[in-house]
Amino acid sequence: MNSVKVYLILGLGVLTASQSANIIRIGDASPMAMTAWRLTLATIVLGVFGRVSLRKIFSQRSSLAWGIGAGIALALHFFTWIYAVQKTTVANATLLFGLNPIFVALLELIVFKRVMGRYFFFAVGASLLGLLAILKGEVSSFAIGSHDLVGLMSGLTSTLMFAIYFILGKVARSSFNTWEYTSVCYGTAALLSFLILAIVGLPLIEYSSSNWLCFVLLACFPTILGHTSFNYALNYVPASWVSAATLSEPVFAVIGAYFMWQENISWYHGLCFLFVLASFALLRLELRNTTKV
């Protein structure tokens, strides 16, 4: 596989996925509704264009089970991610999400026995310093019942679910192509979302035009172009490499928030950018020394 092509696809994925927080701000629907519709629309588009064979999918029972597990983790990631964006700023939510390569690398160690070298531990330190930088600006929000605190905790949960989704996806991709895997994963997450919508009594289709615009944009950009690019790359590089690429998402997300929502970029966000980018560079060195595309 041409490594340049993989990197370009990863770059497209990062650029489009990074704008999910900004697109979420367009609508005010529940996290379950946004998750259900973005994934349903994406599943339909990818299933049709990818000419997915249901017979082949159901014949690969082991990979199907892993794909379903990944879909459940993806749904939980989206629930907590959207909730975090709605309860705190785009900058805080995306910068916390920048910690996901650390979770992925730790899970790779547990599941695949993949031992990381010294650059990984330097990257952990840089990411933790970045987390301290973001919390520096939110110290006044750390009170019982604070919306920002709830949003930050939801953001961390979202990061863990994303890591589990990546690891399970790496296993499932051993038998499925990109179209098949995304159809199983996204479809499972969509069904779970609609089930929760029905249980809690939230609307299924009665949404405003701004919410439908939000659903369509979330399906087209962060999902079809963003997550599908990540899932494509999982077949060629380690999950930790793919997750490391997402470390640059906060930069694009906060820049987008500055232009779309006039959110200020404070000095501590700038400091966090530096630590996050340093962490990305260190992980890149680690992965370059241990893995080739």
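Gain in length, ASN264 to LEU12, computed as 0.36 nm per residue apart minus the alpha-carbon separation, to one decimal in nm?
Fully extending the segment from ASN264 to LEU12 adds 88.2 nm.
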If I model a spin label as a point 7 Å beyond the Cα along the Cα-Cβ vector, how far apart are those points for ARG61 and VAL115 in nm? 3.7 nm
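Let me spell out the model: positive unit charges on the Cβ of Lys and Arg, negative unit charges on the Cβ of Asp and Glu, origin at the Cα centre of the chain. What dipole size does that give, in debye rounded to 20?
1020 debye
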List the relative contact order of the chain as a percent without decimals, with contacts defined as Cα pairs under 8 Å and 6+ residues apart. 41 percent
Mean Cβ count within 10 Å, highest first, over the residues of peptides 223-230, 156-163: 223-230, 156-163
Assigning unit charges at the beta carbon (Lys, Arg +1; Asp, Glu -1) and nothing else, what dipole magnitude in debye, to the nearest 20, does the range 1-125 show about its Cα centre? 420 debye
Taking the Cα centre of the range 3-290 as the origin and placing charges on Cβ (Lys, Arg +1; Asp, Glu -1), which of LEU277, THR157, GLY47 is farthest toward the positive end of the dipole? GLY47
Can you run phi through the Karplus equation (6.51, -1.76, 1.60; θ = phi - 60°) for the range 178-183 and list ³J(HN,Hα) in whole Hz, with x for Gly and Pro? 4, 5, 5, 5, 5, 5
Name the residue from ASN92, TYR186, ILE199 whose Cα lies farthest towards the positive end of the charge dipole of the chain, charges +1 on Cβ of Lys and Arg and -1 on Cβ of Asp and Glu. TYR186
Close Lys-Lys pairs in the chain, where close means Cα under 20 Å and separation is 8 or more or interchain: 7
When the chain is fully extended, how far beyond the present Cα-Cα distance does LEU129 get from SER53, taking 0.36 nm per residue of separation? 22.7 nm
Could you derive backbone 3J(HN,Hα) for the range 201-211 from the dihedral phi with the Karplus parameters 6.51, -1.76 and 1.60 (θ = phi - 60°), listing whole Hz in sequence and x where the residue is Gly or Pro? x, 7, x, 9, 10, 7, 10, 6, 4, 5, 5
In nm, give the distance between the simple-model label positions of ILE199 and LEU156, each being 7 Å from the Cα along the Cα-to-Cβ direction. 2.5 nm
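At 0.36 nm per residue, minus the direct Cα-Cα distance, what do SER208 and LYS5 gain on full extension? Give it in nm, one decimal, please.
Once the chain is fully extended between SER208 and LYS5, it gains 69.2 nm.
Return the calculated 222 nm mean residue ellipticity for the chain, to the nearest 500 deg cm²/dmol, obtained by summing -39500 (n - 2.57) across DSSP H runs with n ≥ 4 and dividing by the residue count. Walk me through the numbers before you get to the answer.
Values: 15 runs with 221 residues, N = 293.
The per-residue figure over the chain is -24500 deg cm²/dmol.
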Please find the FRET efficiency linking ASP28 to VAL216, where r is the Cβ-Cβ separation and R0 is fixed at 25 Å, and quote it to the nearest 0.05. 0.95
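Each reported figure results from applying straightforward, stated rules to the coordinates on display, with no laboratory input. Bear in mind the structure is a predicted one, so any value in this text is a computation, not a measurement. Virtual Cβ from ideal backbone geometry, glycine too; neighbours counted across all protein chains shown.
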